Amino acid sequence: IANGASDPSIDMSFNGAAFTTFTVGGNVLGARMDRTAVAFAPLTGLLDADPNRHAAGIGDGRSRTAISADGTGIAVWGEAGHVYARRMYGITPSSAVLDLNVPELEGHAGGAADQPSVDIEDDSSFAWVAFREQFADGAGGVQARAVGVRLRGSRVDPAATVAYDGVGWGGPSVENPEIDLNGKGVGVATAGAANGVALSAVLKDDKLNAARAIGGNG
């Protein structure tokens with residue numbers, strides 16, 4: 001599919017169509033395999049918000065992808081301290097690139113974000129993205145929270161945006177958020193806390209509930 005690539009991600013729909021994303025030279029690229037095909041076809045353009053800065057899909061900004069029942073894809077990645085999302089129709093990336101960083105949450109100013117994860121419902125209009133974002137903790141420092149964002153088409157649903165990790169402000173920072181949905185949009189989002197505790201949140205009725213500790217002790 002690509003030479004000199006790193007950090008690949010892949011997802012396949014129940015009818016056999018698939019998307020993959022990966023990083024080459026600080027740019028996020030993608031490819032699609034039709035359900036009747038036996039090979040991937042590259043997307044017609046880069047996914048980056050700014051292809052000239054060559055800072056996308058690197059390290060904790062590695063890309064992730066998901067595909068819906070109708071074959072619509074979505075890619076998320078980190079770039080220059082921001083998490084971005086972009087839809088893919090066939091081998092054509094959407095012209096709309098969404099910046100998912102949260103400027104402010106519950107009175108705490110937002111900062112750099114990374115480690116995105118994404119999944120999409122059978123109805124391709126709706127998807128959820130989980131990622132890590134740094135927020136001012138109110139005591140002169142920063143705290144990393146696990147943020148969940150719901151997408152409706154090419155827009156963010158602000159009413160559904162939440163820090164879902166359940167640790168509260170002043171608690172431990174979190175890392176490695178992940179999210180997984182079924183076709184109806186019911187699912188689970190997880191994260192790991194800096195104190196070694198595993199956290200898991202239930203997503204139901206378009207609401208991402210606060211996580212509970214499910215195990216781990218350092």
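Under a Gaussian network description of the chain, with springs only between Cα atoms under 10 Å, the residue in Glu175, Glu133, Glu79 that fluctuates furthest is Glu175. Taking Asn176, Asn27, Asn195 in turn, the Gaussian network model of the chain (Cα-Cα springs below 10 Å) assigns the largest fluctuation to Asn195.
With 0.36 nm allotted per residue and the present C-alpha distance subtracted, the Glu106-Ala69 stretch has 9.8 nm of extension available.
Taking the Cα of Arg212, stepping 7 Å toward and past its beta carbon, and measuring to each backbone N in the range 136-174: which are under 18 Å? In the range 136-174, the label zone of Arg212 (backbone N under 18 Å from the point 7 Å along Cα→Cβ) covers 164-168. The apolar share of the surface of the range 19-81, taken as the fraction of accessible area on carbon and sulfur atoms (1.4 Å probe, ligands and nucleic acids excluded), comes to 52 percent. Pairwise Cα distances in the chain exceed 31 Å in 17 percent of cases. In loop segments of the range 1-104 as defined by DSSP, there are no trypsin sites (Lys or Arg not before Pro) with at most 10 further C-beta atoms inside 10 Å of their C-beta. Net charge in the neighbourhood of Ala55 (other residues with Cβ under 14 Å of its Cβ; Lys, Arg +1, Asp, Glu -1) is -4. If you wrap the Cα atoms of the range 43-100 in a convex hull and average its projected area over all directions, you get 3.9 nm².
Convex hull volume per residue, computed on the Cα atoms of the range 6-127, equals 100 Å³.
Under a Gaussian network description of the chain, with springs only between Cα atoms under 10 Å, the residue in Gly192, Gly111, Gly168 that fluctuates furthest is Gly168.
Basic side chains Lys and Arg get +1 at the Cβ, acidic Asp and Glu get -1 at the Cβ, and with that the dipole of the chain about its Cα centre reaches some 220 debye. Electrostatic tally near Val102: other residues with Cβ closer than 11 Å to its Cβ, Lys and Arg +1, Asp and Glu -1, net -3.
The values are calculated or read from the model by the stated rules, or taken from the named source; none is laboratory data. Here the structure is a predicted model, which means the values were calculated and not measured. Using ideal geometry, Cβ is built from the backbone for each residue, glycine included, and neighbour counts are taken over all protein chains shown. Side chains included, ligands, DNA and RNA excluded: accessible areas come from the protein's heavy atoms. Shrake-Rupley method; radii C 1.70, N 1.55, O 1.52, S 1.80 Å.
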